[in-house]
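Trainee: For reference, the structure I am asking about is given below.
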Amino acid sequence: MTTEPQRIQAPNALGSSVTFINVFEIDAAELDEFVVKWEQRARLMRDKPGFIDSRMHRARSSDSRFQLVNVSRWESQEAWEAATADPDFVSRTQAAREQTKQPITPNPAVYDVVVELTAP
């Protein structure tokens with residue numbers, strides 16, 4: 001028995017859940033410290049209305065361009081926008097970029113699911 005992928009025909013409508021993905025270009029030597037501070041910022045988000053979950057993924061190879069990948073799900077784009085506009089979160093995020101020896105390049109965006117596969 002095979003399971004066909006579910007293709008979503010149109011992007012999620014305004015007000016439906018969204019996925020926030022942020023991939024980080026960061027020097028491998030700064031990963032541990034950055035992850036500790038990221039977790040502190042993420043805890044601020046956890047208590048915000050509309051937060052579903054968040055995971056930070058770390059590359060197994062130090063040669064990977066993107067050493068860290070954050071995937072967070074929110075009940076709506078509006079909830080995500082309100083949470084990320086929080087002044088405390090904004091100031092901590094800015095400080096995180098300024099406190100590293102090497103530049104950290106985040107690549108954030110909000111995404112809609114267009115294909116979904118599940119185990120048979």
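Trainee: Here are some conditions: (1) assigned to a strand (DSSP E or B); (2) open to solvent by 90 Å² or more (accessible area, probe 1.4 Å). V110 meets all but one. Which one does it not meet?
Mentor: Status for V110: all satisfied but (2).
Trainee: Related question: Could you tell me how many of the residues in the stretch 17-53 are among the polar types (S, T, N, Q), open to solvent by 40 Å² or more (accessible area, probe 1.4 Å) and touching a Ser or Thr at 6+ places or on another chain (Cβ under 9 Å)? Outline the logic, then answer.
Mentor: Just the residues of the stretch 17-53 that are among the polar types (S, T, N, Q), to begin with: 17, 19, 22, 40.
Subset that is open to solvent by 40 Å² or more (accessible area, probe 1.4 Å): 17, 40.
Among the residues that remain, those that are also touching a Ser or Thr at 6+ places or on another chain (Cβ under 9 Å) are: 17.
Of the residues in that region, 1 qualify.
Trainee: If I ask for residues that are within 16 Å of Q40 (Cα to Cα) and open to solvent by less than 60 Å² (accessible area, probe 1.4 Å), which ones from the stretch 72-99 would you list?
Mentor: S72, A83, T84, D86, F89, T93, A95, A96
Trainee: For the stretch 56-65, how many residues meet the condition of being open to solvent by less than 70 Å² (accessible area, probe 1.4 Å) and over 12 Å from F20 (Cα atoms)?
Mentor: We begin by selecting, within the stretch 56-65, every residue open to solvent by less than 70 Å² (accessible area, probe 1.4 Å); these are 56, 59, 61, 64.
When the remaining residues are screened for being over 12 Å from F20 (Cα atoms), the result is 59, 61, 64.
Matching residues across the stretch 56-65 total 3.
Trainee: Can you name every residue in the stretch 49-68 that is over 15 Å from V35 (Cα atoms) and either modelled with pLDDT of 95 or more or touching a strand residue (DSSP E or B) at 6+ places or on another chain (Cβ under 8 Å) (or both)?
Mentor: If the condition is that a residue be over 15 Å from V35 (Cα atoms) and either modelled with pLDDT of 95 or more or touching a strand residue (DSSP E or B) at 6+ places or on another chain (Cβ under 8 Å) (or both), then P49, G50, F51, I52, D53, R65 are the ones that fit.
Trainee: Could you please tell me which pairs satisfy a Cβ distance under 9 Å, a separation of 6+ or placement on different chains, a first residue in the stretch 36-55 that is over 11 Å from F20 (Cβ atoms) and in a helix (DSSP H, G or I), and a second residue that is of a type in the set (F, W, Y) and open to solvent by less than 100 Å² (accessible area, probe 1.4 Å)?
Mentor: W38/F24; R41/F89; L44/F89
The values are calculated or read from the model by the stated rules, or taken from the named source; none is laboratory data. Just so we're clear, the structure is a prediction, and the values are computed from it rather than from any experiment. Note that each Cβ is placed from the backbone with ideal geometry, even for glycine, and that neighbours are counted across all protein chains shown. Calculation scope for accessible area: heavy atoms of the full protein, side chains included, ligands and nucleic acids excluded. Shrake-Rupley method; radii C 1.70, N 1.55, O 1.52, S 1.80 Å.
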